[in-house]
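For reference, the structure discussed in these notes is given below.
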Amino acid sequence: MLIDRFIYKDTLSELWHNVFGDSYSYIELIFNKDFDDSILCFAELEGDEVVSAFYLLESSLLYNANTYKGYYLYAAATDKSHRGKGLMAKLIEEAQLYCKENGYDFISLVPSEESLYGYYGRFGF
């Protein structure tokens with residue numbers, strides 16, 4: 001579901017840190033208020049804890065003199081104990097529907113490792 005990343009900041013930061021190992025000062029950048037309207041957060045909750053999440057960063061693409069608006073899918077993470085349950089798949093499908101319903105043309109991403117190409121390919125990436 002689409003959530004307010006500021007309300008769930010602590011648990012989103014913990015998930016990101018645990019999955020990627022990034023420093024909290026680096027993770028803090030996603031919570032910069034200057035990006036309020038241009039970053040969306042989709043997450044799956046268990047109680048008040050985020051167990052799977054990613055961010056959509058607003059972007060655009062200029063192709064053949066046409067500008068297309070979309071999002072870049074960033075920092076997709078699922079807690080190790082919740083993997084294999086389809087949580088990320090559900091979130092990606094929700095984000096794709098959101099973009100379609102709100103007039104966005106695309107979602108793009110760059111998988112962090114080659115083993116993820118097949119996974120994201122299932123969703124049309």
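Of all residues in segment 87-107, those satisfying the criterion of being open to solvent by 40 Å² or more (accessible area, probe 1.4 Å) and either part of a strand (DSSP E or B) or closer than 26 Å to Glu14 by Cβ (or both) are Lys90, Glu93, Glu94, Tyr98, Phe106.
State yes or no: is Ala53 farther than 20 Å from Gly103 by Cβ and surrounded by 18 or more Cβ atoms within 10 Å (Cβ to Cβ)? The answer is yes for Ala53.
Quickly run through segment 4-34 and pick out the residues that are open to solvent by less than 20 Å² (accessible area, probe 1.4 Å) and farther than 19 Å from Ser81 by Cα. Before the answer, list the steps.
Quick first cut of segment 4-34, residues open to solvent by less than 20 Å² (accessible area, probe 1.4 Å) only: 5, 12-13, 15-16, 27, 30-31.
Of everything in segment 4-34, those that are open to solvent by less than 20 Å² (accessible area, probe 1.4 Å) and farther than 19 Å from Ser81 by Cα turn out to be Arg5, Ile27, Ile30, Phe31.
On the phi < 0 side of the Ramachandran plot, of a type outside the set (A, V, I, L, M, F, W, C), open to solvent by less than 90 Å² (accessible area, probe 1.4 Å) and more than 16 Å from the chain's Cα centre (by Cα), is that true of Tyr68?
Numbers: on the phi < 0 side of the Ramachandran plot: yes; of a type outside the set (A, V, I, L, M, F, W, C): yes; open to solvent by less than 90 Å² (accessible area, probe 1.4 Å): yes; more than 16 Å from the chain's Cα centre (by Cα): yes.
Yes; evaluated as a whole, the condition is true for this residue.
Scanning segment 79-103 for residues that are more than 11 Å from the chain's Cα centre (by Cα), under 20 Å from Val19 (Cβ atoms) and of a type outside the set (Asp, Glu) gives Lys80, Ser81, His82, Arg83, Gly84, Lys85, Gly86, Leu87, Ala89, Lys90.
The values are calculated or read from the model by the stated rules, or taken from the named source; none is laboratory data. It should be emphasised that the depicted structure is a prediction, and the values quoted were computed from it without experimental measurement. Because the Cβ atoms are built from the backbone with ideal geometry, glycine has one as well, and the counts that use them run over all protein chains shown. Side chains are part of the model used for accessible areas, which takes the heavy atoms of the whole protein and leaves out ligands, DNA and RNA. Shrake-Rupley method; radii C 1.70, N 1.55, O 1.52, S 1.80 Å.
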